[in-house]
Structure formats: structure tokens, C-alpha cells
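Have a look at the structure below, then the notes.
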Amino acid sequence: MLLMSNIFRTTGILIAAVIVILVMFLLIRYGLVPYLKKRAKGFNVNGELRKLDKSKYKRIKKLYFENSRHKRFTENVIVSDYGVFIVNARFEIGSVSKNERGKFVLTKDGVNHVLGDYEQDNLAAFDKMKKLSNDFDGVKFYSIVAFPDSTEINVKSEIGFFGHLKDVVPYIKSVNKNPMSAEQRDAVYAALRRENSKNQR
């Protein structure tokens, strides 16, 4: 009886150890390694966006439009005195261009990969925002798609900024037309925060 108890205890410890090792591996493989790779490649999005004056630019790191379990969200929403920006940061290394069908293509080591339409993703998020509240009437929306500084970009944006991460903050700061009142800016930010809070429950 004691022998069986020891066997079960040992088996339980081994199973727990395997689970802990597996969890640690997954965290390192899909969390720490991508983070370190991006930092090494000069793609510290948070570090860049922290350069914005917090009194003038209010940031929501992740804005959910549906229940968080459905993973419908957009990242890096910035509300300023001059409108709302979405910074769609993409970690793609190589050469970005468009093919004959108008699709974004990444060329790396001689191989082409068709990318998502990141500008259309931003426009879809803007449409969702505009439906949230009347406070968005007259608010300007700005699409930003940012790549690592080492990426070669052969595309001109049709609807906003499409370029390197190092140029994002200067671009945001350069937008100084169509100012909102402080009250409207705060109302827009509050409406987005309410939507985010509601969908994370």
C-alpha cells in the first residue's frame, strides 16, 4: 500500500514537472524570444510611443471591439487634440512592395509572401469606432502602418502613413490640423475606454 502511494506521488511530481517545463518552454518560445528579437531589430514599439507627451496624446495599448475571448481587437490607439491614430505595427523583415493585384508582398531571401492588407484593417477599426458615439462626429482618423527600420519599403500609402517605426512619432507630432476641443478629445477617449472595458468582461 505504501509502495503504491509512493508510486502515485512520484508520478504526480513527474507530471507536474513536465507541465511546468512545457509552460516555461511555451512562454520563452512565444513570449520572450519574439520580444527579444524585436528589441534586437530596433522594433520597440512601446519605447517609441512613450516619446509622445502623455498630456497631449492618450494611448490605449489594446482596444477590444468584441468580447476578449473572440480576439477582436486593435492595438496602439492614440487620441490626440487633432484626431485618432491607429499604429498598426508589423514585424516584417525584408522588402515590402505591391504585386500586380495590389496586394502587399514581402520579399525575403528571394521568396515572396503575400501580407495582410494592414491599411484596410485600420479602416475597418475606424468604422467600428465611429459607430460608438456621437462624440466621433467630425473627428479625424489617421492610419499608420509601421515596419522595422531595417525593412525596405517600396510602397506609398494611399490613406495615411506607411513606413518605418522611427518615423511614426514625428509623423504623429506633425499632424496639427482640424483641432478638437479638450472636451471632445476627452469624450472620444472616454468612449473608447468604455468600449474596451465592456468587452473585456
Residue list for the range 80-111, filter: out of contact with any Gly (no Cβ under 7 Å at 6 or more places or on another chain), open to solvent by 50 Å² or more (accessible area, probe 1.4 Å) and either at pLDDT below 90 or over 30 Å from Tyr189 (Cβ atoms) (or both): Phe91, Lys98, Glu100, Arg101, Lys103, Asp109, Gly110, Val111
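Anything in the range 134-164 that is β-branched (Val, Ile, Thr) and under 17 Å from the mean Cα position of the chain (by Cα)? List them, or say none.
Step one: filter the range 134-164 for residues β-branched (Val, Ile, Thr), giving 139, 144-145, 151, 153, 155, 159.
Correct list: Ile144, Val145.
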Verdict on Lys131 being open to solvent by 10 Å² or more (accessible area, probe 1.4 Å), more than 18 Å from the chain's Cα centre (by Cα) and without any contact (Cβ under 8 Å) to a residue 12 or more places away in the chain: yes
The range 110-128, residues that are in contact (Cβ under 8 Å) with a residue 12 or more places away in the chain, among the acidic types (Asp, Glu) and more than 14 Å from Val155 (Cβ to Cβ): Asp121
Residue ID - farthest from the chain's Cα centre (by Cα), chosen from residues in the range 49-79 that are open to solvent by 80 Å² or more (accessible area, probe 1.4 Å) and under 18 Å from Glu119 (Cα atoms): Arg72
Single residue of the range 168-196 satisfying the filter (open to solvent by 60 Å² or more (accessible area, probe 1.4 Å) and either of a type in the set (Gly, Ala, Ser) or in a helix (DSSP H, G or I) (or both)) that is nearest to Ser150 (Cα to Cα): Pro170
Residues of the range 112-141 satisfying the condition of being over 23 Å from Phe161 (Cβ atoms) and either among the small types (Gly, Ala, Ser) or modelled with pLDDT of 90 or more (or both): Ser133
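The values are calculated or read from the model by the stated rules, or taken from the named source; none is laboratory data. None of the values given here were measured: they were computed from a predicted structure. All Cβ positions, glycine included, derive from the backbone under ideal geometry; neighbour counts span all protein chains shown. Protein only, heavy atoms only, side chains kept; ligands, DNA and RNA dropped before computing areas. Shrake-Rupley method; radii C 1.70, N 1.55, O 1.52, S 1.80 Å.
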